[in-house]
Amino acid sequence: MKIHRINPEQRWSDATVFNGIAHFVEVPESDLSADIKGQTEQVLAQAEKNLAGIGSDKTRILSVTIYITDFANLPAMNEVWDAWFEPGTAPSRACVKVELADPEYLVEMAFVAAAGEAYQS
């Protein structure tokens, strides 16, 4: 089986797909001064673009690990999360309190999703 590395760089790839399953991580990139809602919206918008690039969409997300710097931000992050998913399509998830690589990041998410037909083998 082929491993598909999407936009590989020295340190990471935008996504890695093996056996039809994609793995990728998103961090806020456009406005680090945004609050948790704004950063979550950025992460989810980037995820949506990444999913489209592998012939998938948010209904095909299998699981997400959410890394958050302050559990006080969890209710606001959940508001954005809940609004993003259609009823009945939310994936399994874990939410972990961490210190992130960039102190301005409030949230980071690691996604696992079913890729489109072009990435099935």
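DSSP loop GluC sites (Glu not before Pro) in the stretch 1-55 with at most 12 other Cβ atoms within 10 Å of their Cβ, which ones?
GLU9, GLU29
Please report, as a whole percent, how much of the solvent-accessible surface of the chain comes from carbon and sulfur atoms (probe radius 1.4 Å). If you can, show how the numbers build up before the last one.
Details: 3440 of 6830 Å².
Here it works out to 50 percent.
Okay, helix-only estimate at 222 nm for the chain: each DSSP H run of n ≥ 4 adds -39500 (n - 2.57), divide by all residues, round to 500 deg cm²/dmol; what do you get? Before the final figure, lay out the partial values.
Values: 2 runs with 29 residues, N = 121.
Value at 222 nm, helices only: -8000 deg cm²/dmol.
For Rg/Rh (Cα atoms, Kirkwood Rh), which listed value, [x] 0.97; [y] 1.06; [z] 0.94, comes from the coordinates shown?
So the structure-derived entry is [x].
Which chymotrypsin sites (Phe, Trp or Tyr not before Pro) from the stretch 38-100 combine a DSSP loop assignment with at most 14 other Cβ atoms within 10 Å?
The qualifying sites are PHE85.
If one takes the longest principal axis of the Cα atoms in the chain, at what angle in degrees, from 0 to 90 and to the nearest 10, does the Cα axis of helix 36-53 lie?
Orientation of helix 36-53: about 10 degrees from the principal axis.
Select from PRO28, PRO75, PRO87 the residue whose mean-square fluctuation is largest in a Gaussian network model of the chain (Cα-Cα springs shorter than 10 Å).
PRO87
Can you tell me the 0 to 90 degree angle between the C-alpha axis of helix 74-84 and the longest principal axis of the chain, rounded to 10?
40 degrees
What is the Cα convex hull volume of the stretch 1-66 when expressed per residue in Å³?
101 Å³
Could you tell me what % of all Cα pairs in the stretch 35-106 have separations over 21 Å?
24 percent
Looking at the chain only, what percent of DSSP beta bridges run antiparallel? Nearest 5 please.
75 percent
The values are calculated or read from the model by the stated rules, or taken from the named source; none is laboratory data. The shown structure was predicted, so the numbers you read here are calculated from the model rather than taken from an experiment. Neighbour counts are summed over all protein chains in view; Cβ atoms, including those assigned to glycine, are modelled from backbone coordinates with ideal geometry. Accessible surface areas use protein heavy atoms only, side chains included; no ligands, DNA or RNA. Shrake-Rupley method; radii C 1.70, N 1.55, O 1.52, S 1.80 Å.
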